[in-house]
Amino acid sequence: MAVLLDFPITSVMITNPSLALVYNSRPGQEATNGMRRSVGVSGAQFKLSFTVPVFDQRTERTVRGFLWNMEADTALVRIRMPDVYGIDGPFAADTKSFRDANRTGIPFATGAMYATGVGHAIPTLETQFLAPAENASREIYVTSTDEIPGGCAISIEEFCYGVAGSWIEDGQQRLRLSPVLRKPASAGDTISLAPVFVGFCVTDTPGYEALTAGRYGEHTLEFMEDLTRLVESAD
């Protein structure tokens, strides 16, 4: 099993996040009369980038410690997706008020915290598969009856998917995925609505940006989703 390095998303500020699904397609074929036909898509990977502003000693040391553990592209990195328009997650606008009200965790029913001064971890939203789904399925059924809007990202077994569309029919919700399901799923399997991105760094010389007077600036990091975990069990 791959050992993942967690990005310190709660310890440093993240700005300018960028998220896109990169479709791996071959060049289309064009006839002499100008007609063009695509040969299709062979796969897709999410690409994620963001900047980390540096304004004090603690931030720069935290970033350096992460980069030195990552060692360029040799470690797989787990990142809680910094998506303001997501359903849930550390940046999601829809759940921000709940996170703000419980910054040190959720207390016991008595209002008490643990002896360390923190409470229970804030749970993230999730749903489950309503029915089994085969590998390469384009549409899946989920147990949630609350709408999971199109245009949001989700993750299944820490692989990311875009919700291209959703429909509720007779009390059952159907989601259209992009890309197609990468692994078969069973009824009851978990779907995270606070998606987790796992990938490797593709930044050229990460952390090398100059800091003004050696103190202030920002680091830009870019990651590509890792798909080698799909075949790990075959090794």
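Any idea of the accessible area per residue across the chain, 1.4 Å probe, to the nearest Å²?
Dividing the accessible area of the chain by its residue count gives 58 Å².
Quick check on the chain: helices-only [θ] at 222 nm, where DSSP H runs of length 4 and up contribute -39,500 (n - 2.57) each and the sum goes over total residues. Nearest 500, please.
After summing the helix terms and dividing by the residues of the chain, the value is -2500 deg cm²/dmol.
Which of the chymotrypsin sites (Phe, Trp or Tyr not before Pro) across region 154-216 are loop residues per DSSP, with 11 or fewer other Cβ within 10 Å?
Hits after loop and neighbour filter: TYR208.
Counting other C-beta atoms within 10 Å, and keeping those with at most 12, which DSSP coil trypsin sites (Lys or Arg not before Pro) do you find in region 38-109?
ARG103
Give me the one-decimal nm value for the distance between modelled label points at THR15 and THR228, 7 Å along each residue's Cα-to-Cβ direction.
3.4 nm
Would you tell me the accessible area of THR10, worked out with a 1.4 angstrom probe on the heavy atoms of the protein chains, in Å² to the nearest 10?
Only protein atoms counted, so the area is about 120 Å².
With r defined as the distance between the Cβ atoms of HIS120 and ASP204 and R0 fixed at 45 Å, what FRET efficiency is calculated, to the nearest 0.05?
For HIS120 and ASP204, the calculated efficiency is 0.65.
I'd like the GluC sites (Glu not before Pro) in region 129-183 restricted to DSSP loop residues with at most 14 other Cβ atoms within 10 Å, sorted by number.
Sites meeting the loop and neighbour criteria: GLU134, GLU147.
Which percent of the accessible area of region 145-207 is formed by carbon and sulfur heavy atoms (probe 1.4 angstrom)?
45 percent
Beyond 13 Å, what percent of the Cα pairs of region 123-194 remain?
In whole percent, the long-distance tail amounts to 61.
Given a Förster distance of 22 angstrom, what is the FRET efficiency for THR143 paired with ASP94, based on the Cβ-Cβ distance and rounded to 0.05?
0.70
Report relative contact order for region 85-175 in percent, whole number only (criteria: Cα-Cα under 8 Å, sequence separation at least 6).
It rounds to 20 percent for region 85-175.
The values are calculated or read from the model by the stated rules, or taken from the named source; none is laboratory data. Since the model is a prediction, treat every value here as computed from it, not as a measurement. No Cβ is skipped: glycine too gets one built from the backbone with ideal geometry, and neighbour counts run over all protein chains shown. In case anyone asks, the SASA skips ligands and DNA or RNA and just uses the protein heavy atoms, side chains included. Shrake-Rupley method; radii C 1.70, N 1.55, O 1.52, S 1.80 Å.
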